[in-house]
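The values are calculated or read from the model by the stated rules, or taken from the named source; none is laboratory data. Keep in mind that what you see is a predicted model, and the values were worked out from it rather than measured. Please note: Cβ atoms are built from the backbone with ideal geometry, for glycine as well, and neighbour counts cover all protein chains shown.
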Amino acid sequence: MGDDGNMDKLKGKAKEMLGKASGDERKEAEGKTDQAKGGVKDTMDSLKERAEGMKDSLKRDDS
């Protein structure tokens with residue numbers, strides 16, 4: 001799942017650079033948006049892993 005965020009970041013960086021090179025402000029903005037989306041995905045994955053870790057540490061095996 002973490003690879004999705006990285007792929008969005010890479011795709012976004014490529015779009016941003018293409019937009020800058022061609023003077024296409026919209027493509028540049030799309031690239032920045034894709035990068036931000038990738039960052040959010042990475043953060044959500046990290047939070048999910050932390051929550052699962054906390055849940056596991058609170059779980060007690062009484063048997």
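Brief remarks follow.
- Gly19 passes every criterion in (1) modelled with pLDDT under 90; (2) part of a helix (DSSP H, G or I); (3) small (Gly, Ala, Ser) apart from (1).
- Residue count, the stretch 22-35 (criterion: part of a helix (DSSP H, G or I) and either exposed (fewer than 13 other Cβ atoms within 10 Å of the Cβ) or in contact with a strand residue (DSSP E or B) (Cβ under 9 Å, 6 or more places away or on another chain) (or both)): 3
- Matching residues in the stretch 16-48 - criterion: being free of Cβ contacts under 8 Å to residues at least 12 places away in the same chain and over 20 Å from Gly5 (Cβ atoms): Lys20, Ala21, Ser22, Gly23, Asp24, Glu25, Arg26
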